[in-house]
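Undergrad: First the structure, which I've put down as structure tokens, then a few questions once you've had a look.
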Amino acid sequence: MRAVEIIEKKRDGGELSAEEIASFIDGYVSGEIADYQAAAWAMAILLRGMSTRETVDLTMAMVRSGETLDLSAIAPLVVDKHSTGGVGDKTTLVVAPIVAAAGLPVVKMSGRGLGFTGGTLDKLEAIPGMDVSLSAERFREVVQRHGIAVVGQTADLVPADGKLYALRDVTGTVPSLPLIASSIMSKKIAGGADAIVLDVKVGNGAFMETLEEARALAELMIRIGQGVGRAVTALLSDMSQPLGYAIGNALEVSEAIACLQGGGPHDLREHCVAVAAEMLLLGHVATDPESARSMATAELDSGRALRKFEEWIAAQGGDSRVIGEPERLPVAPCQQTVAATRAGHIERIDARAFGLACVELGGGRERKDDPIDPSVGLVLHVKVGDAVAQGQPVYTIHARTVASATVAAQRLAAAIDLSEIEVLPPPLFF
Ligand code: URA
């Protein structure tokens, strides 16, 4: 089957057969199909969409591009969570140790930064020594011994998503329902999780900007997961402003550690407790929502989740001393704080603009193989609903150079709106 004919068929709005989809994925993974052809195909899918049947076929073709883990010999029930991507979303760093500390094994195949959103793998790699490319064998060992492991796609595990994800990141082909659903669900199915909690983000800092689109994505992913015998549930969470205050890899690791230490931003803590509780429920460790919440809160407040985090980081080769000595994390040489030009109430924080500013500072990729700078990013000092006085700091830019900090400040000049009257903070979940 010629790649160009498959691209043209989708370009013209045709429905691809399972064979055509499998042949395209196999060809791309083997290198017979070039990046530029895969980019054209992804753009055709973004513009023309895919039927549910095509999306399921795409997901399963991606799963078959590598090995599938069977963890049943290691743990009777393994749970996973996945976010559809949002600005400042460091949830996994907090939630995975909470759930693992409660005795429910967590395995997770995560992604890198995508578009204007950061990725768990890039965040974890901000920790010196952290290895997120474990072989399938080593992944199994870490899960067995520590009850927690987070890795990326490798040559063994969903290599098709590894290649397509990096390509979509830099070709404007991220916000497509079938591409997001197949990317996420292929990783979840191949990664060996029995139960999956999907955190579907909605708002200007997410790929799905409306509740309607987010619901459609959630339903599609639930259908794909249930079709292969997984227990799947989805939460719809707000991404109309960044989650927490920190945006940028090392900065987000620091904020996640603060949350595990019992501090950190209120919205991040609340969000993490809710996601962890959902995982404990789905994993049958808790019997009802109330006890699931108390259990998650207890793991956090007792310090057990923090100790599990420490154990996990060390198990994957990371320097767990970053917990007590945050200066071991990369620090950007230039920090510039921006203050409110007048008094008011924070009405809007343009999450997408903050995400894009972080990418431009070097915290994300403009091209597929770009290295990223783990130290850069932004730290907000306010949330929607807060009152500010004139001259009060609203955010700090962490940059490599003064020039890049100035460019970021210019990009963000209109990213925060103030209101004369009081503003209610948005809900965390819908
Ligand atoms: N997360 C993923 O793993 N893939 C996407 O396409 C979007 C978010």
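Any read-out appearing in this document is the output of simple, stated calculations on the displayed coordinates, not a laboratory observation. Given the structure is predicted, the values throughout are model-derived calculations rather than measurements. For neighbour counting, all protein chains shown are included, and Cβ atoms are generated from backbone atoms with ideal geometry for every residue, glycine included.
Undergrad: Please say if segment 79-323 is rounded, prolate or oblate, where rounded means a/c under 1.5 for a ≥ b ≥ c the square roots of the C-alpha gyration tensor eigenvalues, and otherwise the choice is prolate for a/b larger than b/c and oblate otherwise?
TA: rounded
Undergrad: Amide H to amide H under 5 Å from residue 234: which residues, 5+ apart in sequence or cross-chain, H placed 1.01 Å off N in plane?
TA: 198
Undergrad: Report the paramagnetic label zone for residue 32: residues of segment 159-196 whose backbone N is under 20 Å from a point 7 Å from Cα along the Cα-to-Cβ axis.
TA: 159-164
Undergrad: Right, here's the next one. At q = 0.22, 0.27, 0.32 Å⁻¹, work out log10 I(q)/I(0) for segment 3-49 with the Debye formula, treating every Cα as an identical point scatterer and leaving solvent out; two decimals please.
TA: -0.68, -1.00, -1.29
Undergrad: Scattering from the C-alpha atoms of segment 109-197 alone, worked out with Debye: what is log10 I(q)/I(0) at q = 0.12, 0.15, 0.18 1/Å?
TA: Results for segment 109-197 at q = 0.12, 0.15, 0.18 Å⁻¹ read -0.37, -0.58, -0.83.
Undergrad: Determine one quarter of the surface area of the Cα convex hull of segment 195-276, which equals its mean projected area, and express it in nm² to one decimal.
TA: Orientation-averaged projected area of the Cα hull: 5.8 nm².
Undergrad: Sticking with this one: Would you work out the relative contact order for segment 3-49, in percent, from Cα pairs under 8 angstrom that are 6 or more residues apart?
TA: RCO, segment 3-49: 53 percent.
Undergrad: Label points 7 Å out from Cα along the Cβ direction at residue 368 and residue 51: separation in nm?
TA: Here the answer is 3.1 nm between the modelled labels.
Undergrad: If all Cα-Cα distances of segment 330-419 are sorted into 10 Å bins from 0 onward, what percent lands in each bin, rounded to whole numbers?
TA: 18, 48, 27, 7, 0
Undergrad: OK, next. Which entries of 10/123; 123/201; 90/187 have Cα-Cα distances beyond 24 Å here?
TA: Details: 10/123 35 Å; 123/201 19 Å; 90/187 19 Å.
Checking Cα-Cα distances, 10/123 exceed 24 Å.
Undergrad: From the gyration tensor of the Cα coordinates in segment 234-341, what semi-axes in whole Å does the equivalent ellipsoid have, largest first, with each one equal to sqrt(5λ)? Mind showing how you got there, number by number?
TA: On the way: eigenvalues 150, 80, 25 Å².
Equivalent ellipsoid of segment 234-341: 27, 20, 11 Å, largest first.
Undergrad: Roughly what % antiparallel, to the nearest 5, for the DSSP beta bridges in segment 79-323?
TA: Here the antiparallel bridges make up roughly 10 percent for segment 79-323.
Undergrad: Here's another thing I want to ask about it. Quick check: the distance between the Cα centres of segment 352-430 and segment 65-136, to the nearest angstrom?
TA: Cα centroid to Cα centroid, the span is 25 Å.
Undergrad: Follow-up question, since we're still on this one. Full extension from residue 219 to residue 233: what is 0.36 nm times the residue separation minus their Cα-Cα distance, to one decimal in nm?
TA: Full extension from residue 219 to residue 233 adds 4.1 nm.
Undergrad: Between residue 12 and residue 210, what's the calculated FRET efficiency when r is the beta-carbon distance and R0 is 30 Å? Round to 0.05. Mind showing how you got there, number by number?
TA: Numbers: r = 28 Å, r/R0 = 0.92.
After rounding, the FRET efficiency stands at 0.65.
Undergrad: Once R0 is set to 60 Å, what does the formula 1/(1 + (r/R0)^6) return for the Cβ-Cβ distance between residue 2 and residue 390, expressed as a FRET efficiency to the nearest 0.05?
TA: Values: r = 64 Å, r/R0 = 1.07.
Computed FRET efficiency for residue 2 and residue 390 comes out at 0.40.
Undergrad: Here is a follow-up. Starting with the highest mean, order 162-174, 331-343, 367-379 by the number of other Cβ atoms within 10 Å, averaged over the residues of each peptide.
TA: So the peptides 162-174, 331-343, 367-379, ranked by packing, come out 162-174, 367-379, 331-343.
Undergrad: Please figure out what share of the DSSP beta bridges in the chain is antiparallel and state it in percent, rounded to the nearest 5. Write out the running numbers ahead of the final one.
TA: Values: 21 of 40 bridges.
Here the antiparallel bridges make up roughly 50 percent for the chain.
Undergrad: Could you calculate the FRET efficiency of residue 131 with residue 407 from 1/(1 + (r/R0)^6), where r is the beta carbon distance between them and R0 is 41 Å, rounded to 0.05? Could the numbers behind the result be given before it?
TA: On the way: r = 33 Å, r/R0 = 0.81.
Rounded to the nearest 0.05, the efficiency is 0.80.
Undergrad: What is the sum of charges around residue 386, taking Lys and Arg as +1, Asp and Glu as -1, for the other residues whose C-beta is under 15 Å from the C-beta of residue 386?
TA: Net of charged neighbours comes to -2.
Undergrad: Please give, to one decimal in nm, the separation of the simple spin-label points placed at residue 337 and residue 261, each 7 Å out from Cα toward the Cβ.
TA: 1.9
Undergrad: Please compute the Kirkwood hydrodynamic radius over the chain, one decimal place, Å, based on all pairs of different Cα atoms. Let's see the in-between values first.
TA: On the way: mean 1/r = 0.0459 Å⁻¹.
Its Kirkwood hydrodynamic radius stands at 21.8 Å.
Undergrad: Right, here's the next one. Gain in length, residue 155 to residue 288, computed as 0.36 nm per residue apart minus the alpha-carbon separation, to one decimal in nm?
TA: Gain on extension, residue 155 to residue 288, equals 43.9 nm.
Undergrad: Turning to a different aspect of this structure: If packing is taken as the average count of other Cβ atoms within 10 Å, what order do 79-85, 227-233 fall into, highest mean first?
TA: Going by the mean number of other Cβ atoms within 10 Å, highest first, we get 79-85, 227-233.
Undergrad: While we're on this one: Please order 328, 140 by the number of other Cβ within 10 Å, starting at the fewest.
TA: Least to most surrounded, the residues fall as 328, 140.
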